[in-house]
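Participant: This is the structure I have questions about; it appears just below.
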Amino acid sequence: MEGQVQIKSGRKRFGRHLWDKRYFMLDTRRCWLKVFEKQPSGGIDGGEEVDTIDTLNIKFLEHLSSKKGGARFDIHKTDGTIMQVQAATATEGGQWTDALQRNAERAEELEGSGELDTRRSQYREALEREKREAEQKEKEAAEAAERAKREAEEATEKAKQEAQAAAAAEKAKQEAESAAAAAAAEKAQQEAEAAAAAEKARQEAEAAAAADENAKQEADAAAAAEKAGQEAEAAAAAEKAKQEAEAAAAAEKAKQEAEAAAAAEKAKQEAEAAAAAEKARQEAEAAAAADEKAKQEAEAAAAAAEKARQE
């Protein structure tokens with residue numbers, strides 16, 4: 001377990017105790033509580049602790065739930081001293097209390113079996129071995145640096161000597177060249193003139209080639225522009241054809257919708273005519289039924305009258 005805490009300091013300001021920020025890291029395997037000024041970047045063994053508390057020396061822990069909202073806890077040591085600690089939250093205060101109490105109990109068990117001394121001895125041996133290896137590496141690095149320094153000095157001296165020899169050779173060469181300079185001056189002048197003429201011819205040839213290349217590039221550009229214009233015209237024609245096709249499709253759709261509307265209107269009129277015919281038929285049937293009923297009633301009345309007359 002690890003985390004940021006505050007430890008009550010012996011110093012005071014304005015009559016009140018000060019609290020120092022510290023970083024706790026609990027080594028549960030070797031039963032040590034290591035205290036750092038800030039979180040070490042290299043883990044529990046990667047920083048220089050300001051204090052190491054042997055959890056064997058913890059007598060008991062007291063979680064002060066009534067102070068600082070429960071974030072306070074006290075570490076009572078076997079020598080009678082008390083370390084007053086304040087965690088970030090009440091939960092962390094309880095967790096630290098439980099973790100340290102369990103580790104203190106575990107330390108007593110391991111101490112009784114001798115395992116704790118073994119673990120701590122192995123840890124110290126590992127640290128000592130790492131320290132020796134680091135010192136050996138530093139020693140080897142220092143020796144390598146010294147060797148490199150000597151080699152650099154030797155190389156510098158050798159280079160100095162070679163430079164001096166080269167300077168002497170250059171001086172001898174210059175003296176020899178001075179002796180031959182008068183004879184070679186005329187030849188050099190002629191060669192320079194010939195070289196100037198050749199250079200002029202080369203530049204003229206390059207200018208002609210550049211003009212040809214420029215003309216070619218302009219022709220290519222014109223061809224590309226012509227092609228781009230043709231492609232743009234083709235694209236415009238394609239767009240126009242697309243719009244005309246869309247307009248034709250829209251007109252066809254409108255025509256179909258108009259025909260559908262006309263068909264629907266015709267069907268509506270036919271349905272209304274059929275309904276009117278059905279109504280007329282029903283009325284005719286009703287009139288025929290009424291006529292039939294009236295006829296039957298007349299016949300019944302005539303029969304009754306005839307019967308009455310006979311009687």
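Participant: Check cross-link reach from Lys12 to the aspartates and glutamates: straight Cα distance under 12 Å, and skip same-chain residues fewer than eight apart.
Facilitator: The qualifying aspartates and glutamates are Asp20.
Participant: Further question: Counting only protein heavy atoms and a 1.4 Å probe, tell me what percentage of the chain's accessible area is made up of carbon and sulfur. List each step's numbers first, then the result.
Facilitator: Values: 11520 of 22490 Å².
That share works out to 51 percent.
Participant: Let me ask you something else. Compute, for Met25, the solvent-accessible surface of its heavy atoms (probe 1.4 Å) with the complete set of protein chains present, and express it in square angstrom to the nearest 10.
Facilitator: 20 Å²
Participant: If the limit is 29 Å between Cα atoms, which of Lys77/Lys131; Lys131/Lys158; Lys8/Lys59 go over it? All intermediate terms of the calculation are to be shown ahead of the outcome.
Facilitator: Details: Lys77/Lys131 31 Å; Lys131/Lys158 40 Å; Lys8/Lys59 19 Å.
Result: Lys77/Lys131; Lys131/Lys158 exceed 29 Å.
Participant: Ok, one more. How high is the relative contact order of the stretch 1-136, in percent, counting Cα pairs under 8 Å that sit 6 or more residues apart?
Facilitator: Values: 229 pairs, mean separation 25.6, N = 136.
Relative contact order here is 19 percent.
Participant: Relative contact order for the chain: what is it in percent, counting Cα pairs under 8 Å that are at least 6 residues apart? Spell out each step's value before the answer.
Facilitator: Numbers: 229 pairs, mean separation 25.6, N = 311.
Relative CO of the chain lands at 8 percent.
Participant: Going by average Cβ neighbours within 10 Å, how do the peptides 102-111, 270-279 rank, with the highest at the top? Numbers along the way, then the final one.
Facilitator: Numbers: 102-111: 16.3, 270-279: 10.0.
Ranking the peptides 102-111, 270-279 by packing returns 102-111, 270-279.
Participant: Mind checking the per residue accessible area of the stretch 1-85 for me, 1.4 Å probe, whole number of Å²? Each step should come with its number before you reach the end.
Facilitator: Working: 4990 Å² over 85 residues.
Result: 59 Å² of accessible area for each residue.
Participant: Taking only Cα atoms and a 10 Å spring cutoff, compute GNM fluctuations for the chain and point out the largest among Gln269, Gln39, Gln86.
Facilitator: Gln269
Participant: What is the spin-label model distance, in nm, from Glu297 to Ala168 if the labels are put 7 Å beyond Cα along the C-beta direction?
Facilitator: 16.5 nm
Participant: Of the listed values (1) 14, 15, 10, 14, 25, 10, 7, 4, 1, 0; (2) 29, 53, 17, 1; (3) 27, 43, 17, 8, 4, 1, identify the label whose number matches P(r) over Cα pairs in 20 Å bins from 0, in percent calculated from this model.
Facilitator: (1)
Participant: At 222 nm, what helix-only mean residue ellipticity would the chain give, in deg cm²/dmol to the nearest 500, using -39500 (n - 2.57) for each DSSP H run of four or more? Before the final figure, lay out the partial values.
Facilitator: Numbers: 2 runs with 220 residues, N = 311.
Counting only the DSSP helices, I get -27500 deg cm²/dmol.
The values are calculated or read from the model by the stated rules, or taken from the named source; none is laboratory data. Remember, it's a predicted structure, so these values are computed and weren't measured experimentally. Positions of Cβ are generated from backbone atoms using ideal geometry, with glycine treated the same way; all protein chains shown enter the neighbour counts. Heads up: the accessible areas ignore ligands, DNA and RNA and are worked out on the full protein's heavy atoms, side chains in. Shrake-Rupley method; radii C 1.70, N 1.55, O 1.52, S 1.80 Å.
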